[in-house]
Amino acid sequence: MIEILQYEFMTNALAAALLSAIACGIVGVYVVVKRIVFISGGISHASFGGIGLGYFLGISPVLCVIPFGIVSALIIGEVSRRKTISEDTAIGILWAMGMALGIILISLTAGYAPDLFSYLFGNILTVPRSDLVIMLVLDAVIIATVCLLYKEFLAITFDEEFAEVAGVPAHKLYLVLLCLIALTVVILIRVVGIILVIALLTIPAALSRRFTDDLRKMMAISVILSALFSTTGIYLSYLFDLPSGSTIVLVAGIAFVVSSLIPSGTGLKVLR
Amino acid sequence: MTKETKEVIGLRNVWVHFDDTSGANGAMGRGRDGIPILEDVTLSIREHDFLGIIGPNGGGKTTLLKVILGLISPDSGEVRVFGGDPVKNRRFVGYVPQHSLFDHDFPIKVMDVVLTGRAGKRLFRGYSDRDRELARNALEMVEMLPFEGRQIGKLSGGEQQRVFIARALAAEPKVLLLDEPAAGIDMHAQTEFYELLKRLKETMTIVMVSHDITAISIHVDKIACLNRKLFYHDSKELTSGDLEAAYRCPIEFIAHGVPHRVLREH
C-alpha cells in the first residue's frame, strides 16, 4: 500500500481528501442540523453554471464556481425570506437553471471539454497542485468564519426566530452560512463532483450525530469520518480501477447503512 | 388598578393581513387586499400587568406577539414598545415561543440553549463570564440547573418549557411574552409552571396567549379576548357578548367556583 504514495497524483489525491474532509466535516454538520440538505443540493448544482462560465472564458472553472456558487446561495437565501414563492420551488428552478446555463456555455465553447465528466462526478486522482492551494485557502476561510461566528451560528441553526429576537442578525448570518456551503461545494467538486457533493455534505455529519450530542464534537468526528471515507474510496478505486468520486460516495453510504443497522444506545455515544 | 403605571407596550389601530404563500396561483405576499388577521387592534399593556390573551386557534394570537416583537410589521397602525420602535427595544422583551415547535433531536445542551438568550448581547465574541452567570441564574430560577448538561430533546415537555423560559430570562427582559405555554405539558407541570409565573410577575410584566380559557383565567390578573378583533377592558372582566363576538358562537361559561371570575354577572 505504501508504494502507491510514490506517485505524485496519489499524494495530491490524499491531500485533497484531507483538505476536503475539513470543509465538509464542519459545514456538513450545519447542513444536517439545520436541515438544509436540499438547499445545499441546489447551490451545488447551480454552481455548474460557474464551470460552464470558466470553460467559456477560458479561465479556471474551479475559480469561476466561487462567485457563481455564492450568488446562487444569496439568491436562495433571499427568496426563502421574501416568501413570494415557496422555497423548494425556488431551489428547484435555480438548480435546473444553473445546470442548463453551464451546458449551454460549454456547448458555445469551441472544442471538446475533456474533463467535464470529472467536474460532474469528481476525479480526485487528477487534482492539480493549483487546486490544492485553492482548497487550502477556502478551508482557512471556512475555519476562521466558523470560529468567529460559532455562538451566533449555533443560535440561528437551533432557533432562527428566537435568535433574531435575541438581537442576532439572523438572516444575514444565515446568508453567510449558505456562502460557506457554496465554498465547500467548490472544495468538493474535485473530490466527488457537483452531482455527488451532497453525499459528503450529509453522510459524515449525519453519522457523527450518532456518537455525540455536542456540535463541536460532531464536527471533529465528521471531519475524521469524511477523511476516512475519502482515503478508503481512493484506495479501493486505485485497487479495482473504479471511478474515485463514486467509490468514495459508496463507501460513505455503505458505512451509513451499516451503522443504521446497529440499534442506537449500544455504547455508540462514548464521546458525550 | 392604578392608571398611572407606565405603558410598556402600546398598539394603536393595528391591522395585519394574512400572508398567503400557499395559494394555487403562487403568492400574493402580505398586503391590504388579503384576509385580515388582526383588525384594528388597540391595546395598552402597563408595567407589572399579568395579561392573558385568549382566543380560538387562528385568531391572531401568535401574530399579535410577533407584532410586539417586531417580527411582523403591521400593514397599518402603530406599535410602540417602551415608547419606541419594537425592533430597537427588543432587548427589553423576553420571548417564549410555542415550545413544541423546535427540533427535538438538535445536538444542543440545556445550558447552551439558555445561553442563546444572550447571543445578541456581544456579537462575534464568545459568551462572557457574566453571560454564563446570568444563564446559570436563569436556570436556577426555573429549577432546571441540575439539567444543564442534558440534551434538550431528552427532557419532558414541562422541563423544556422551563428551559425556554430560562432562555428568555437570561436576557434580563422587562416583559415576558409566552405563546401557548401550557400546551402539551401535563397537569402537574402546569401547576408548577403557574407557580413560577406567580414569582416572575413580581419583577416583570407578563403577557401570555392561550386557547385554553379556564386554565389561563384562574392565574392572570387581566384578560383579553382575541379573534382578529381584540376585546379588552383593562381588567379581568369580559362580557359574554365579548366572548360570543370573539368566538363567533354563544359560549356556556361557568364562572361559579372559579376564584376570580371572568364573566360579569348577568
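The values are calculated or read from the model by the stated rules, or taken from the named source; none is laboratory data. This is a predicted model, so every value here is computed, not measured. Every residue, glycine among them, receives a Cβ derived from its backbone with ideal geometry; neighbour counts consider all protein chains shown. Remember, those area values only see protein heavy atoms, side chains included, never the ligands or the DNA or RNA. Shrake-Rupley method; radii C 1.70, N 1.55, O 1.52, S 1.80 Å.
A few comments on the model shown:
- Residues satisfying the stated conditions in region A:214-228, i.e. more than 14 Å from chain B (Cβ to nearest Cβ) and open to solvent by less than 10 Å² (accessible area, probe 1.4 Å): A:Ser226
- Selected residue [more than 11 Å from every other protein chain (Cβ to nearest Cβ) and farther than 21 Å from B:Val209 by Cα] from B:Glu140, B:Glu159, B:Glu47: B:Glu140
- Screening region A:108-213 for helices (runs of 4 or more DSSP H) wholly inside it with 1 or more residues that are away from chain B (no Cβ under 14 Å), closer than 27 Å to A:Gly233 by Cβ and among the basic types (Lys, Arg) returns the ranges A:129-158, A:170-192.
- The one condition from (1) open to solvent by 20 Å² or more (accessible area, probe 1.4 Å); (2) farther than 25 Å from A:Thr247 by Cα that A:Leu5 does not meet is (2).
- Of all residues making up region A:77-96, the number that are of a type in the set (Gly, Ala, Ser), within 14 Å of chain B (Cβ to nearest Cβ) and buried (at least 17 other Cβ atoms within 10 Å of the Cβ): 2
- Only one entry in A:Val141, A:Val176 is closer than 15 Å to A:Lys34 by Cα and open to solvent by 10 Å² or more (accessible area, probe 1.4 Å), namely A:Val176.
- Test: B:His104 is open to solvent by 40 Å² or more (accessible area, probe 1.4 Å) and assigned to a loop (DSSP other than H, G, I, E, B): yes
- Checklist (1) facing chain A (nearest Cβ under 10 Å); (2) open to solvent by less than 50 Å² (accessible area, probe 1.4 Å); (3) assigned to a loop (DSSP other than H, G, I, E, B); (4) under 25 Å from B:Glu47 (Cβ atoms) applied to B:Arg90, failing item: (3)
- B:Leu123 vs. criteria of a type in the set (A, V, I, L, M), open to solvent by 20 Å² or more (accessible area, probe 1.4 Å) and closer than 21 Å to B:Leu71 by Cα: yes
- Scanning region B:203-222 for residues that are modelled with pLDDT of 90 or more, over 12 Å from the mean Cα position of the chain (by Cα) and either open to solvent by less than 10 Å² (accessible area, probe 1.4 Å) or under 16 Å from B:Ala183 (Cα atoms) (or both) yields a total of 0.
- Region B:93-135, subset in contact with a helix residue (DSSP H, G or I) (Cβ under 6 Å, 6 or more places away or on another chain) and among the hydroxyl-bearing types (Ser, Thr, Tyr), residue farthest from the other protein chains (Cβ to nearest Cβ): B:Tyr127
- Any hit, region A:101-116, residues being of a type outside the set (A, V, I, L, M) and touching a residue at least 60 places away in the same chain (Cβ under 8 Å): no
- You will find that of A:Met99, A:Met10, the residue that is assigned to a helix (DSSP H, G or I), more than 14 Å from every other protein chain (Cβ to nearest Cβ), open to solvent by 10 Å² or more (accessible area, probe 1.4 Å) and out of contact with any strand residue (DSSP E or B) (no Cβ under 6 Å at 6 or more places or on another chain) is A:Met99 and no other.
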